[in-house]
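The values are calculated or read from the model by the stated rules, or taken from the named source; none is laboratory data. In this text, all values refer to a predicted model and were calculated from it rather than measured experimentally. Here the Cβ is made from the backbone with ideal geometry for all residues, glycine too, and neighbour counts use every protein chain on show. Ligands, DNA and RNA are stripped out before the accessible areas are found, and what is left, the full protein with its side chains, is counted by its heavy atoms. Shrake-Rupley method; radii C 1.70, N 1.55, O 1.52, S 1.80 Å.
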Amino acid sequence: DAGVIQSPRHEVTEMGQEVTLRCKPISGHDYLFWYRQTMMRGLELLIYFNNNVPIDDSGMPEDRFSAKMPNASFSTLKIQPSEPRDSAVYFCASSSRDRGYEQYFGPGTRLTVT
Amino acid sequence: GIQVEQSPPDLILQEGANSTLRCNFSDSVNNLQWFHQNPWGQLINLFYIPSGTKQNGRLSATTVATERYSLLYISSSQTTDSGVYFCAVRGYSTLTFGKGTMLLVSP
């Protein structure tokens with residue numbers, strides 16, 4: 001199994017630009033999670049999906065953030081427009097009810113907004 | 001929501017030493033995971049352990065769900081064990097993470 005795949009691994013962009021982060025969950029997993037990690041706030045859950053449907057987006061910081069899961073093998077997290085305070089590592093994780101909801105994390109995308 | 005506390009926050013060890021990391025949680029949970037975040041930032045699954053004891057090489061973990069704590073044991077530590085160790089618990093639907101224990105193993 002390839003594990004959770006994220007792209008890009010690093011992203012540097014200027015303030016005001018649109019940023020799109022991508023995630024491919026583990027095949028067969030029915031839950032997908034987006035997290036953000038910063039030194040100040042640690043790991044924060046932004047949003048999660050079950051069977052491609054967003055279940056809880058209460059962690060999404062503001063309207064500049066949006067996430068989609070058009071099918072079981074792909075999800076995006078979009079920031080528009082980006083701001084320097086969005087600089088962080090963004091992780092995608094997936095899990096399966098059939099395997100007790102154990103979460104597996106992707107390698108993360110390190111985002112820097114200048 | 002569930003509160004997760006990890007101790008100690010920081011730990012410095014000489015290579016070869018043993019250590020115990022603790023995770024306390026405030027409510028009953030459906031599962032508990034231990035992760036290692038290595039110096040490159042990757043989050044690596046160590047244990048999925050809602051209760052009982054598991055061992056994997058030099059690492060082992062014990063969760064006593066009735067008393068709301070879990071312990072991670074690292075024996076004969078190596079420099080590659082350095083990083084941050086996170087405990088995460090699931091109540092109803094999502095994982096709640098502790099703040100982590102930062103471990104530095106020096107040669």
Task: Test item: Cα-centred dipole of chain A, Lys/Arg +1 and Asp/Glu -1 on Cβ, debye - done: 220
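Per-residue mean of other chain beta-carbon atoms within 10 angstrom of the beta-carbon, peptide A:97-105?
Taking the mean over all residues of the peptide, I get 5.
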TODO: Report, to the nearest whole %, how much of the accessible area of the protein assembly as shown belongs to carbon and sulfur atoms, 1.4 Å probe, protein only.
DONE: 48
TODO: Give the cross-link partners of B:K99 among the lysines, using a straight C-alpha distance below 22 Å as the criterion and excluding same-chain residues fewer than 8 apart.
DONE: none
- [ ] Starting from the Cα gyration tensor of region A:1-91, take the square roots of the eigenvalues, sort them a ≥ b ≥ c, and report rounded, prolate or oblate (rounded when a/c is under 1.5, otherwise prolate if a/b is larger than b/c, else oblate).
- [x] prolate
Open item on the list: How shielded is B:42-52 by partner chains, expressed as the average number of their Cβ atoms within 10 Å of its Cβ atoms?
Closed with: 3
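As a test of the definition: with a 1.4 Å probe, what buried accessible area, both sides summed, do you compute for A against B, in Å² to the nearest 100?
For A against B, buried area totals roughly 1300 Å².
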Open item on the list: Using alpha carbons only, how many angstrom separate the centre of region B:85-107 from the centre of region B:1-75?
Closed with: 7
- [ ] Leaving ligands, DNA and RNA out of it, work out the accessible area of A:I55 with a 1.4 Å probe and give it in Å² to the nearest 10.
- [x] 90
Task: Candidate lysines for bridging to A:K68, where Cα separation is under 26 Å - those fewer than 8 sequence places away on the same chain excluded - done: A:K24, A:K78
TODO: Would you calculate the separation in nanometres between label points at A:I55 and B:S26, each defined as 7 Å from the Cα along the Cα-to-beta-carbon direction?
DONE: 2.2
TODO: Would you mind working out the accessible area per residue for the protein assembly as shown, using a 1.4 Å probe, and quoting it in Å²?
DONE: 50
